[in-house]
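Enquirer: Right, I'll just put the structure down here and ask away after.
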Amino acid sequence: MRKSVFTGGLFVAVGIVMAGLGAGTGSFVASAQQKPSTADVKIDNFSFGPAALTAPVGTTVTWTNRDDIPHTVVSTDDPKVFKSKVLDTDEKFSFTFAKAGTYPYFCSIHPKMTGKVIVQ
Amino acid sequence: MHPFDFKEALLAKHAQHVVLIHFPIALFLAGVAFDFLAHWTKRQSLAAAAYFNFLLAALSTIPVVITGILAWQWQLEGQKLKGILLQHLVLGSISSVLIWVAWILHERTRRNKIGILPWARLPIEAIAAAVVALTGHLGGFLSGVNGPG
């Protein structure tokens, strides 16, 4: 009886250790294969939404024109960090932010339309 | 932008096009109205009013075309146009030509001293007015007059 209890306890202990190792390995794999960050900005009704987007370094931001009117996405900085072509309805423009900082931008057809990406 | 900040308004690149475009539109449409009235009432003074409206409308197309092309070059860096922008460019060019044609028809009559304007000018002016209106409609869309703020 004592022997079977001991053996059973041993199996449980080994199981717990293996489960712990497995979980550890799993978390390592998950962090190694972490997907690059993405974010979306919608252009609609002559405005960027969200107007201010905060994202980690390495994030790829995609702007989609949901308006019936053509728009552009142009960096305000000089020299320009990014600049899209004219985006017709449902066209997209993407840019990956590799450095931290604040990146203001605007629509060059409608300069009142402004937005910014804060990369941390 | 402050509405009376002249320097900022002058340096706002394509903003001048949006402002200047109202002159040929208003002058030409008024000229067409005067000319149709002159045709129906046979009043020489109305025909003269139409002539001077067309003259000023034609002259005011010059800065409008220049600022429109500058807007394309500065704001969009001359990239290939498509969609509404291309339609606006094409219709705007046709409008300018038709405004000049309307004025030239009146100018020829004045130079010939016959005093009888060709009947064909009226459909040309009517078509020109429609093209001008369509161009302005697209321009209004592009400028975002219906947008917030």
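Laboratory data are not the source of any read-out in this text; all were calculated from the coordinates shown. Everything numeric here is computed off the predicted structure, so don't read it as measured data. Cβ: placed from backbone, ideal geometry, glycine included. Neighbour counts: every protein chain shown.
Enquirer: Within 10 Å of each Cβ of A:40-53, how many other protein chain Cβ atoms are there on average?
Expert: 1
Enquirer: Here is a follow-up. Mind scanning A:LYS85/B:LYS80; A:LYS116/B:LYS82; A:LYS80/B:LYS82; A:LYS83/A:LYS116; A:LYS42/B:LYS80; A:LYS42/A:LYS85 and naming the pairs with a C-alpha gap bigger than 21 Å?
Expert: A:LYS116/B:LYS82; A:LYS80/B:LYS82; A:LYS42/B:LYS80
Enquirer: How long is region B:83-128 along each principal axis, judged by its Cα atoms, biggest number first, in Å?
Expert: 45, 17, 7
Enquirer: Using only C-alpha atoms and all pairs of different ones, pull out the Kirkwood radius for chain B in Å with one decimal.
Expert: 16.5 Å
Enquirer: How far, in degrees from 0 to 90, does helix B:22-41 lean away from the longest principal axis of the Cα atoms of chain B, to the nearest 10?
Expert: Compared with the principal axis, the helix lies near 20 degrees.
Enquirer: Taking amide H positions as placed in the peptide plane 1.01 Å from N, state which residues far from A:VAL41 in sequence (5 or more) or on other chains have amide H under 5 Å from it.
Expert: Here A:THR62, A:TRP63, A:THR64 satisfy the definition.
Enquirer: Sticking with this structure for a sec: Highest mean first, what order results for A:86-96, B:51-61 on Cβ atoms within 10 Å?
Expert: My ranking of the peptides, most packed first, is B:51-61, A:86-96.
Enquirer: How many nm is it between the label spots at B:ILE94 and A:VAL57, if each spot is 7 Å from the Cα in line with the beta carbon?
Expert: Distance between label points: 5.5 nm.
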